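Student: To start, I am sharing the structure in question, which I have written as structure tokens.
The values are calculated or read from the model by the stated rules, or taken from the named source; none is laboratory data. For clarity, every value in this text was computed on a predicted model and none was experimentally measured. Note that each Cβ is placed from the backbone with ideal geometry, even for glycine, and that neighbours are counted across all protein chains shown. For accessibility, only protein heavy atoms count, side chains too; no ligands or nucleic acids. Shrake-Rupley method; radii C 1.70, N 1.55, O 1.52, S 1.80 Å.
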Amino acid sequence: MIRNKMGVESTTHPRISRFLLFFLYFLAIFLQAGAYGLTFMLPRLFDSFGANEKIVGWMLLVTTVATIVTVYFSGHLSDLFGRLRTLAGACIAISVSLYLYGSLEVVGIWLVTASLLLGFGWGLTYSLGPIVLTRLVRADERVRFFTLISVFVMMGFGLSPVLASVLEGAGYSVRDAFYVTATLCIISATLFFFLDDPIKTHAINPRPEAPSRITLNALSGVVASRSLLPIVMICIGASVFAGMINFQTVFADARGLDYANFFLTYTITVVIFRLVLARFKGGQNPYRTIALLQYVMGLSIVVFIFSGAIFPLYLMVAFLFGIGYGISYPILVAMAANDAREDLGAQTLQLFALTYFVGIFGFPLIAGWMIVEVGTRPLLIVIAILAMMEATLALRRSMR
């Protein structure tokens with residue numbers, strides 16, 4: 001019980017500091033982000049019960065469908081239950097998904113169920129996470145705070161494959177990494193439930209949350225706005241990321257390399273540079289900055305095509321990819337938000353998340369087929385072309 005300004009006792013949630021609020025919110029984001037990183041371990045997990053990269057691609061396609069449907073209706077759910085409660089429910093769904101992945105030993109309906117739950121959970125957490133931040137920060141702070149949230153997401157999914165490697169090295173199974181991360185997602189759900197009232201208290205706009213649901217009018221408004229370009233670009237960039245990251249275990253095993261070195265180097269690079277550049281807003285011409293960084297991303301893939309089993313080049317590829325993709329991404333998110341119509345900010349970020357997941361979960365179906373049928377080199381060439389396409393789109397926008 002606390003007393004309000006009139007001295008009357010109230011059951012209102014005790015006020016916590018703004019610093020502690022952001023700390024707990026980013027911690028919750030970090031704890032559930034490891035689930036996404038474990039999708040990079042699916043080729044290794046599926047191989048343990050005789051399934052190949054094609055099956056990985058098909059399961060990720062199931063996840064894609066679930067994600068797309070979920071993102072479309074995420075606004076409806078958050079309007080009904082509240083954004084923080086919806087995030088908490090999403091984390092519980094992800095936890096169940098990871099437990100199923102870790103316990104299954106055959107391809108069947110339960111594997112499909114796990115993929116559906118993962119898509120449902122990630123569709124909500126990824127689309128609603130940045131929207132919650134828009135209530136807490138001013139427009140001129142968005143790049144900084146979107147960068148910070150992306151740092152915690154990156155640490156989560158970049159370190160979970162390293163956790164899997166450490167557990168395997170200690171004599172455990174890759175399945176144990178799924179169980180550990182499932183437990184962390186439950187902790188994340190608890191934090192989101194706890195933060196519901198404090199976030200309402202610290203909102204810079206005291207009015208109730210604006211409607212978030214996507215309607216046909218909202219969709220046409222987003223498509224007609226300047227934010228359409230970053231929405232298209234993120235789909236291409238997510239495909240590049242998925243192609244390089246989701247099958248990194250396959251690339252590394254084929255070359256006699258340790259995939260953990262790639263993930264660790266990539267994660268450290270992204271985290272350090274995002275923290276150092278947390279106050280960087282993209283310069284006077286953000287799209288030109290994005291273009292430069294994404295050309296670096298494309299260069300890293302070209303180097304990877306020809307690097308073979310040379311360990312220093314492998315680390316350099318991870319470093320350059322971390323700089324190119326890792327730094328350009330939060331700037332691109334901020335551009336999507338800033339280019340959006342003021343009344344369609346939430347819907348724009350949801351569509352941004354939707355197209356991201358089309359690339360991140362949809363492209364592995366193509367990539368898995370290419371690995372089995374034509375090999376890894378043609379796949380890497382396609383990924384490099386996509387990276388250069390995205391960079392060129394940014395460059396063209398920068399010249400307008």
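Student: Under 1.5 on a/c is rounded, so check that first for region 262-335, then, if it is not, pick prolate when a/b is larger than b/c and oblate when it is not; a ≥ b ≥ c are the square roots of the alpha carbon gyration tensor eigenvalues.
Tutor: oblate
Student: So, one more: Highest first, please rank the peptides 69-76, 225-232, 85-92 by the mean number of other Cβ atoms sitting within 10 Å of their residues.
Tutor: Put in order of decreasing packing, that is 85-92, 69-76, 225-232.
Student: For the chain, take N as its residue count and report Rg(C-alpha) divided by 2.2 N^0.38 Å.
Tutor: That ratio works out to 0.96.
Student: Take peptides 122-135, 284-297 and line them up by average Cβ neighbours within 10 Å, highest first, as a rough protection proxy. Show your work: numbers first, answer last.
Tutor: Numbers: 122-135: 24.8, 284-297: 20.4.
So the order, starting with the most tightly packed, is 122-135, 284-297.
Student: Name the shape class, rounded, prolate or oblate, that the alpha-carbon gyration tensor gives for region 76-148, where a ≥ b ≥ c are the square roots of its eigenvalues, rounded holds for a/c under 1.5, and otherwise prolate holds if a/b is larger than b/c and oblate otherwise.
Tutor: Working: a/c = 3.78, a/b = 2.32, b/c = 1.63.
Cα axes put region 76-148 in the prolate bin.
Student: Can you give the calculated 222 nm mean residue ellipticity of the chain, where each DSSP H run of n ≥ 4 adds -39,500 (n - 2.57) and the sum is split over every residue, rounded to the nearest 500 deg cm²/dmol?
Tutor: -27000 deg cm²/dmol
Student: Hey, another quick one. If the only charges are +1 at each Lys and Arg Cβ and -1 at each Asp and Glu Cβ, what is the size of the charge dipole of region 83-242 around the Cα centre, to the nearest 20 debye? Don't skip to the end; give the middle numbers.
Tutor: Working: 11 positive and 8 negative charges, 130 e Å.
That gives a dipole near 620 debye.
Student: Could you sort the peptides 317-323, 30-36 by per-residue average Cβ neighbour count (10 Å cutoff), highest mean leading?
Tutor: For the peptides 317-323, 30-36, the packing ranking is 30-36, 317-323.
Student: Oh, and also: How do Arg142, Arg44 stack up against each other in accessible area, from largest to smallest, with a 1.4 angstrom probe?
Tutor: Reading off the accessible areas and sorting them downward yields Arg44, Arg142.
Student: Quantify how much of the Cα-Cα distance distribution of region 302-373 extends past 14 Å, in percent.
Tutor: Details: 1873 of 2556 pairs.
Percentage above 14 Å: 73.
Student: Calculate how steeply helix 53-81 sits against the longest principal axis of the alpha-carbon atoms of the chain, using the helix alpha-carbon long axis, and give the answer as 0 to 90 degrees to the nearest 10.
Tutor: Here the helix axis deviates by roughly 10 degrees.
Student: Now, a different point. Find the eigenvalues of the gyration tensor of the Cα atoms of region 79-201, then list the square roots of 5 times those eigenvalues as equivalent ellipsoid semi-axes, largest first, in whole angstrom.
Tutor: Values: eigenvalues 170, 63, 28 Å².
Taking √(5λ) for each Cα gyration eigenvalue gives 29, 18, 12 Å.
Student: Quick one: helix 109-134 against the long Cα principal axis of the chain, what's the angle to the nearest 10°, folded into 0 to 90?
Tutor: 50
Student: Over region 80-158, what relative contact order in percent results from Cα pairs under 8 Å that are six or more residues apart?
Tutor: Numbers: 47 pairs, mean separation 23.9, N = 79.
Once divided by the residue count of region 80-158, the mean separation gives 30 percent.
Student: Ok, one more. For the chain, what relative contact order do you get, as a whole percent, if you take Cα pairs closer than 8 Å and at least 6 residues apart?
Tutor: It rounds to 26 percent for the chain.
Student: With a ≥ b ≥ c taken as the square roots of the eigenvalues of the C-alpha gyration tensor of region 23-97, please select rounded if a/c is under 1.5 and otherwise prolate if a/b is larger than b/c or oblate if it is not? Mind dumping the intermediate values first?
Tutor: Working: a/c = 3.28, a/b = 1.66, b/c = 1.97.
Judged from the Cα gyration tensor, region 23-97 comes out oblate (a/c at least 1.5, b/c at or above a/b).
Student: Follow-up question, since we're still on this one. Over region 233-347, what is the relative contact order in whole percent, taking alpha-carbon pairs under 8 Å and six or more residues apart?
Tutor: On the way: 87 pairs, mean separation 35.5, N = 115.
In percent, rounded to a whole number, it is 31.
Student: Toward the positive end of the charge dipole of the chain, about the Cα centre and with charges on Cβ (Lys, Arg +1; Asp, Glu -1), which of Leu77, Gln284, Gly50 goes farthest?
Tutor: Gln284
Student: Using the charge dipole of the chain (Lys, Arg: +1 at Cβ; Asp, Glu: -1 at Cβ; taken about the Cα centre), state which of Val270, Tyr314, Leu159 has its Cα farthest towards the positive end.
Tutor: Highest projection toward the positive end goes to Val270.
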